Amino acid sequence: MSCPICEHKENIIFEDNTILAYAAEKPAAAGHIIVTTKQHYPIIEKIPDELFGNVFNIANTLSTTVFEKLGAQGTNIIIQNGVAAGQHLPHTIVHIIPRRENDGLQLQWQPQQLSEDDMSTAELQLQEATKNIGVVTKEKKEVIDVKEPEEVKDNYQTKHLRRIP
Ligand SMILES: [Zn+2]
């Protein structure tokens with residue numbers, strides 16, 4: 001299979017055994033970096049957790065470097081996960097885009113006017129589907145049993161509060 005990310009060899013900024021970072025060929029700004037896995041993974045769901053953790057550790061370190069060495073005032077760290085999200089390469093990549101105030105880059109979106117019902121339904125579905133996250137990896141089960149109900153309630157209320165204009 002031919003994949004432009006797997007075959008990428010130029011403008012390398014950092015690499016180790018599993019991770020590659022290079023200067024973007026079509027940069028949104030000077031210092032725009034692509035961080036990716038050397039192994040081919042089409043979407044982030046396919047990347048093993050530990051490796052994905054390493055990818056983000058490296059991305060965070062590079063982002064810090066962009067602040068310190070390029071004088072960036074902010075960074076956008078972006079994954080376009082899936083075609084509908086704008087992914088046009090068959091291999092998961094993380095963008096690190098240096099930002100400055102009033103740099104003219106347009107990465108904002110207009111909030112949609114959703115009904116309270118639509119928003120609540122989505123929230124409840126997500127809460128229901130994610131309530132056991134961590135059960136498999138954490139061995140001390142009682143921690144989850146004790147903390148979960150309050151956290152879910154808090155998050156729900158916080159989100160409602162933030163919505164008030
Ligand atoms: Zn690839």
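Across region 64-76, what is the number of residues that are more than 12 Å from the chain's Cα centre (by Cα) and either in a strand (DSSP E or B) or within 13 Å of Thr18 (Cβ to Cβ) (or both)? I'd like the intermediate steps shown before the answer.
Filtering region 64-76 down to residues more than 12 Å from the chain's Cα centre (by Cα) leaves 64-75.
If we keep only those that are either in a strand (DSSP E or B) or within 13 Å of Thr18 (Cβ to Cβ) (or both) as well, we get 74-75.
So the answer is 2.
So, in region 28-37, how many residues would count as being open to solvent by less than 60 Å² (accessible area, probe 1.4 Å) and assigned to a loop (DSSP other than H, G, I, E, B)?
Within region 28-37, residues that are open to solvent by less than 60 Å² (accessible area, probe 1.4 Å) and assigned to a loop (DSSP other than H, G, I, E, B) number 4.
Which one of these does Ala24 not meet: (1) exposed (fewer than 14 other Cβ atoms within 10 Å of the Cβ); (2) touching a His at 6+ places or on another chain (Cβ under 6 Å); (3) of a type outside the set (S, T, N, Q)?
Among (1) exposed (fewer than 14 other Cβ atoms within 10 Å of the Cβ); (2) touching a His at 6+ places or on another chain (Cβ under 6 Å); (3) of a type outside the set (S, T, N, Q), Ala24 violates only (1).
Ile12 - would you say it is open to solvent by less than 80 Å² (accessible area, probe 1.4 Å), under 18 Å from the mean Cα position of the chain (by Cα) and either hydrophobic (A, V, I, L, M, F, W, C) or within 16 Å of the ligand (Cβ to nearest atom) (or both)? Walk me through it before giving the result.
Numbers: open to solvent by less than 80 Å² (accessible area, probe 1.4 Å): yes; under 18 Å from the mean Cα position of the chain (by Cα): no; either hydrophobic (A, V, I, L, M, F, W, C) or within 16 Å of the ligand (Cβ to nearest atom) (or both): yes.
So Ile12 does not fit the description; no.
Only one of these conditions is not met by Val66: (1) touching a Ser or Thr at 6+ places or on another chain (Cβ under 6 Å); (2) closer than 30 Å to Gly134 by Cβ. Which number is it?
(2)
Could you tell me whether Glu7 is part of a loop (DSSP other than H, G, I, E, B), over 21 Å from Arg100 (Cβ atoms) and within 16 Å of the ligand (Cβ to nearest atom)?
Values: part of a loop (DSSP other than H, G, I, E, B): yes; over 21 Å from Arg100 (Cβ atoms): yes; within 16 Å of the ligand (Cβ to nearest atom): yes.
So Glu7 fits the description; yes.
Answer with yes or no whether Glu151 is more than 15 Å from the chain's Cα centre (by Cα), open to solvent by 90 Å² or more (accessible area, probe 1.4 Å) and either at pLDDT 90 or above or not aliphatic (A, V, I, L, M) (or both). Working first, answer last.
Details: more than 15 Å from the chain's Cα centre (by Cα): yes; open to solvent by 90 Å² or more (accessible area, probe 1.4 Å): yes; either at pLDDT 90 or above or not aliphatic (A, V, I, L, M) (or both): yes.
Answer is yes for this residue.
Go through region 79-103 residue by residue and tally those that are within 17 Å of Asn57 (Cβ to Cβ) and in a strand (DSSP E or B).
First, the residues of region 79-103 that are within 17 Å of Asn57 (Cβ to Cβ): 79, 92-96.
The next check asks that each one be in a strand (DSSP E or B); those that pass are 93-96.
Total satisfying the criteria: 4.
With the requirement that a residue be buried (at least 16 other Cβ atoms within 10 Å of the Cβ), more than 12 Å from the chain's Cα centre (by Cα) and away from the ligand (no atom under 13 Å from the Cβ), what does region 38-63 give you?
Asn54, Ile58, Leu62, Ser63
Name, by its number, the condition in (1) assigned to a strand (DSSP E or B); (2) within 13 Å of the ligand (Cβ to nearest atom) that does not hold for Ala21.
(2)
The values are calculated or read from the model by the stated rules, or taken from the named source; none is laboratory data. Because the structure is a prediction, the values reported are computed rather than measured. Cβ atoms come from the backbone with ideal geometry, glycine included; neighbour counts cover every protein chain shown. Each accessible area value is taken on the protein alone, full model and side chains, heavy atoms only, with ligands, DNA and RNA left out. Shrake-Rupley method; radii C 1.70, N 1.55, O 1.52, S 1.80 Å.
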